[in-house]
Amino acid sequence: MTFDLSTTDIGFLCVIIEQPFPLFIEDPFADYSPEKMEREWISFCEESFSKGFLKLNEEGNPYITDHLMEHLAGIFTAEQVISVIENEEIRTIIYTGENTEKNVVVKVYPEHYSLSLVTSEGFHSELLSVATDTNNEINQLNEFQLEVSLADFEKLLEILSEQGTDALFTYCENMNLPAKSVSTILSAVHSQNTTVYLKENLRHRETKMTVAANDSGKIKTATTVYSAAGDKVILRETQLGNLPLLLTS
């Protein structure tokens with residue numbers, strides 16, 4: 001089941017269950033006068049009852065239906081959230097929890113949000129569906145992984161941006177880095193044909209930003225890890241099918 005909700009709908013639902021607004025919306029009532037708030041509340045209730053979002057209890061007070069509550073609970077009890085960013089705009093937000101088969105996918109549209117529950121298998125499919133140029137014919141690919149400090153990664157990007165691929169290749173050779181793999185990955189993730197995945201761990205205060213470039217079922221990624229232990233970047237080259245594990249690990 002999928003629920004289509006406006007920013008105002010989500011705001012009133014949060015008021016009913018006494019939860020803070022989720023991070024993907026700003027306060028929808030920031031500029032509301034008491035009179036406008038009352039009008040919007042009446043309109044929200046009327047529409048929500050007809051849509052099956054709300055019911056009345058024995059005291060005549062509105063409460064959220066079980067199906068919708070299950071979706072909202074998945075957001076407010078999530079262990080981590082993954083935002084999928086394309087063309088510098090958030091397109092999809094996925095809330096996941098540990099040891100649960102229920103994950104919430106939020107699709108972001110200009111005028112509303114679409115909420116749906118998915119299993120772990122559906123969650124993996126959702127992550128793979130946003131990657132472009134998928135090809136069932138996946139060629140043999142040697143797995144590659146290299147971890148560097150954030151400062152070193154920024155230096156590599158600076159050389160690529162200002163001096164080009166040949167200069168980056170030479171610099172990597174001088175620093176005893178695998179020049180071909182590093183220059184290929186950085187060139188791919190530095191291009192415009194990429195998808196950004198921002199993963200925030202809501203329990204352990206760790207943020208990971210993965211920039212992924214997909215080439216017919218083969219992906220090149222740069223994952224920046226921000227944590228109290230120190231910031232670092234992990235460069236990878238692997239198969240597209242490994243993307244969900246890469247993003248959630």
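Nothing in this text is a laboratory measurement; each read-out follows from the coordinates by a stated rule. Remember, predicted model here, so these are calculated numbers, not experimental data. Ideal geometry is used to build each Cβ from the backbone, glycine not excepted, and the neighbour counts take in all protein chains shown.
Some notes on this structure:
- A dipole drawn for the chain from +1 and -1 charges on Cβ atoms has a positive end, and of SER48, PRO244, CYS172 the residue lying farthest that way is CYS172.
- Number of Lys-Lys pairs in the chain with C-alpha atoms under 21 Å apart and a separation of 8 or more places or on different chains: 18.
- Annotation for LEU146 and GLN19: the two label points, set 7 Å from Cα along the Cα-Cβ direction, are 4.3 nm apart.
- Given charges at Cβ of Lys, Arg, Asp, Glu: the chain dipole, positive-most of GLN19, MET69, VAL148: VAL148
- With a cut-off of 11 Å between beta carbons, the residues surrounding TYR171 carry a summed charge of -3, where Lys and Arg count +1 and Asp and Glu -1.
- Long-range HN-HN contacts of GLN80 with modeled amide H, under 5 Å: THR96, LEU202
- Dipole size of the chain about its Cα centre, with +1 on Lys/Arg Cβ and -1 on Asp/Glu Cβ: approximately 660 debye, rounded to the nearest 20.
- Count Lys and Arg as plus one, Asp and Glu as minus one, and take only other residues whose Cβ is under 11 Å from that of GLY11; the net charge is then -4.
- The mean sequence separation of alpha-carbon pairs under 8 Å and at least six residues apart, normalised by the residue count of the chain, gives a relative contact order of 17 percent.
- Fluctuation leader among LEU23, LEU54, LEU160 - the chain, Gaussian network, Cα springs under 10 angstrom: LEU23
- Among (1) 67, 41, 33; (2) 75, 39, 31; (3) 60, 41, 32, the entry that matches Cα extents along the principal axes in Å as calculated here: (2)
- Summing Cβ point charges (Lys, Arg +1; Asp, Glu -1) relative to the Cα centre of region 2-58 gives a dipole of roughly 160 debye.
- Shape of region 28-110, Cα gyration tensor, a/c cut at 1.5: oblate
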